[in-house]
Amino acid sequence: MKVVQVGYGYWGANISKKLVASSKFEFKALCEILPDRAEKARRELPDYVEISDNYENYLDDPEVKAFVIATQTVNTFDIGMKAMSMGKHVFMEKPLATTVERSLKLMEQAKKQGVILHCDHIMLYNPYYRYIKKLYDSGELGDLMYYDTEKLNLGPIRKDVDALMDLAVHDIAVIDWLSGGCEPVELSAMGHIPFGEHETHTYLTMKYDGFIAHLKSSWMSPLKIRQTVVAGTKKIVIFDDMSVERIKVYDCGIDVKPAESYEDYVYTNRRGDIYVPNIEFEDSLQNSLEFFENCVQTGTQSLSGPEPSLRVMKVLEWAEKQMKKQ
Ligand SMILES: NC(=O)c1ccc[n+]([C@@H]2O[C@H](COP(=O)([O-])OP(=O)(O)OC[C@H]3O[C@@H](n4cnc5c(N)ncnc54)[C@H](O)[C@@H]3O)[C@@H](O)[C@H]2O)c1
């Protein structure tokens, strides 16, 4: 599939590598407005990739089927709307947009033009999260009790969005997917702005119908931490993306023996085996790109298409409003 990529920053350079490596794509052009980054792309990408400072030159190229948009989040909306208006399919970097209103417009545009709009909620294409989803769907975890996560690192400080939009977005998308589209019924969010205009350290707590979630996100941590706990009534999974084992499944929980009166209920700790599954490495970004390509070829809307991405955006917007109230 012939594609044009827009944006060659930190993440855009990773996307380009995958487009070059994948047999599913013909990488027609890379568009970047900053001359030094365009120059970097010229040095790093194969000669057949055209380098341009104007993505609009490719909008009416009938051979180009799709646009891959990896600019700062504030800029993705206009590019996505224009590309779809010309009948192009769109791979949009997360989050889908900066507001619910814009996400709705993107969704309507995709419907009107009959094109695929895929948001790169990359964790849905990650083999470890997929394993957790399988465990949960099979009933092995039991009912979901809580979902806790920490996504912490030192920078990069983004100037267009806060840490919540940058990092918590990933787990909001995972919770949506894991729970089959559940939306929170209560939410509280807090953030700190030590400098600049956006929260660099955030806490988001959500109550869903049947479980709760806590998401901690930061650009101000000396350590890179990527830890998620998915706790079910039967088993608890700890996914530590920085560890060698990555996933540990704890066969543990609390057994409840009911009695006539609540005071006589007996709660016993249940401690069983700890299982470390062997999960083959897969590249999440490549999976996400190739999933998108497959959606285009088969004409099926994506797992991280406009509807789930809109629900994610609703949570983000709600959390942003709560944070501003603090
Ligand atoms: N899925 C993930 O895990 C993941 C990880 C990191 C970043 N991201 C997302 O990727 C996107 C880019 O992040 P980044 O860190 O690379 O940002 P960045 O600021 O490093 O790069 C963005 C680039 O886009 C270019 N650009 C902006 N408008 C343009 C236009 N009209 N035409 C051509 N180029 C244009 C900028 O000049 C810049 O080089 C963001 O949306 C971010 O949320 C996703």
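The values are calculated or read from the model by the stated rules, or taken from the named source; none is laboratory data. Because the structure is a prediction, the values reported are computed rather than measured. Neighbour counts run over all protein chains shown; Cβ positions are idealised from the backbone, glycine included. Surface areas here come from the heavy atoms of the whole protein model, side chains and all, with no ligands, DNA or RNA. Shrake-Rupley method; radii C 1.70, N 1.55, O 1.52, S 1.80 Å.
About the Cα centre of the range 2-120, what is the dipole size in debye to 20, counting +1 per Lys and Arg Cβ and -1 per Asp and Glu Cβ, all else neutral?
Dipole size: approximately 420 debye.
Averaged over all directions, how much area does the convex hull of the C-alpha atoms of the range 2-120 cover when projected, in nm²?
6.6 nm²
Using amide H atoms built 1.01 Å from N in the peptide plane, name the residues 5+ places from LEU187, or on other chains, whose amide H lies under 5 Å from its own.
Counting only residues 5 or more places away or on other chains, the set is LYS207.
In whole Å, what are the Cα extents of the chain along the three principal axes, biggest one first?
74, 43, 41
Given H placed 1.01 Å from N in the peptide plane, which residues other than close sequence neighbours of SER304 have an amide H under 5 Å from its amide H?
For SER304, whose amide H was placed from the backbone, the distant partners under 5 Å are CYS119.
Given 0.36 nm per residue, what is the gain on full extension from TYR146 to LYS224 after removing their alpha carbon distance, in nm?
Extra length from TYR146 to LYS224 when fully extended: 25.8 nm.
Hey, what do the phi angles of the range 271-287 turn into as Karplus ³J(HN,Hα) couplings, whole Hz, using 6.51/-1.76/1.60 and θ = phi - 60°, x for Gly and Pro?
After applying 6.51 cos²θ - 1.76 cosθ + 1.60, I find 10, x, 6, 10, 10, 10, x, 8, 10, 5, 5, 9, 7, 5, 5, 5, 4 Hz.
Using a simple charge model, +1 on the beta-carbon of Lys and Arg, -1 on the beta-carbon of Asp and Glu, nothing else, what dipole does the chain show about its Cα centre, in debye to the nearest 20?
The dipole magnitude comes to about 160 debye.
Quote the FRET efficiency, to the nearest 0.05, computed for SER23 versus GLN72 with a Förster distance R0 of 41 Å and r equal to the Cβ-Cβ distance.
0.85
Which FRET efficiency, nearest 0.05, do LEU154 and VAL244 yield, Cβ-Cβ r, R0 22 Å? Mind showing how you got there, number by number?
On the way: r = 22 Å, r/R0 = 1.01.
Rounded to the nearest 0.05, the efficiency is 0.50.
What does the accessible area of LEU124 come to, in Å² to the nearest 10, when a probe of 1.4 Å is used?
Surface open to solvent at LEU124 totals about 10 Å².
As a check on your grasp of the helix formula, calculate [θ] at 222 nm for the chain: sum -39500 (n - 2.57) over DSSP H runs of n ≥ 4, divide by the residue count, round to the nearest 500.
-10000 deg cm²/dmol
Rounding to the nearest 20 debye, state how big the charge dipole of the range 127-281 is about its Cα centre with +1 on each Lys and Arg Cβ and -1 on each Asp and Glu Cβ.
520 debye
Any of LYS224/LYS324; LYS82/LYS314; LYS133/LYS314; LYS207/LYS314 with alpha carbons more than 18 Å apart? Name them for me.
LYS224/LYS324; LYS82/LYS314; LYS133/LYS314
Report the calculated FRET efficiency for ASN14 and SER188 (r = Cβ-Cβ distance, R0 = 30 Å), to the nearest 0.05.
Between ASN14 and SER188 the formula returns 0.35.
Between helix 73-85 and the chain, what is the angle of the helix's C-alpha long axis to the longest principal axis, kept within 0 to 90° and rounded to the nearest 10?
60 degrees
Using only Cα atoms, locate the centre of the range 1-55 and the centre of the range 95-152, then give the distance between them in Å, rounded to an integer.
Computed from Cα coordinates, the inter-centre distance equals 26 Å.
Provide the packing ranking of 214-222, 106-114, i.e. peptides ordered by the mean count of other C-beta atoms within 10 Å per residue, highest first.
Top of the packing list down: 214-222, 106-114.
For all pairs of alpha-carbon atoms in the range 127-281, what percent lies in each bin of width 10 Å, listed from the first bin to the last filled one?
Result, from short to long distances: 10, 34, 32, 17, 5, 1 percent.
For the chain, what relative contact order do you get, as a whole percent, if you take Cα pairs closer than 8 Å and at least 6 residues apart?
RCO, the chain: 18 percent.
Please compute the length gained on full extension between ASN294 and CYS252, using 0.36 nm multiplied by the number of residues separating them and subtracting their Cα-Cα distance. If you can, show how the numbers build up before the last one.
Values: separation 42, 0.36 × 42 = 15.12 nm, distance 3.92 nm.
Result for the pair: 11.2 nm of gain on full extension.
Between GLU50 and SER85, how many nm apart are label points set 7 Å from Cα along the C-beta direction?
2.1 nm
Provide the per-residue ³J(HN,Hα) series for the range 156-171, in order, calculated from phi with Karplus coefficients 6.51, -1.76, 1.60 and θ = phi - 60°, each as a whole number of Hz, with x at glycine and proline positions.
Calculated HN-Hα couplings, in order: x, 6, 8, 9, 9, 9, 9, 5, 5, 5, 7, 10, 4, 3, 4, 7 Hz.
Under a crude label model (7 Å from the Cα following the beta-carbon direction), how far is GLU260 from ASP36 in nanometres?
Going from the GLU260 label point to the ASP36 one covers 7.9 nm.
Which whole-Hz ³J(HN,Hα) couplings does the range 96-102 yield from phi under the Karplus relation 6.51 cos²θ - 1.76 cosθ + 1.60, θ = phi - 60°, glycine and proline marked x?
Using θ = phi - 60°, the values come out as 4, 7, 9, 9, 5, 4, 5 Hz.
Among ASP160, ASP60, ASP47, what's the order by accessible area (1.4 angstrom probe), most exposed first?
My answer, sorted largest first, is ASP47, ASP60, ASP160.
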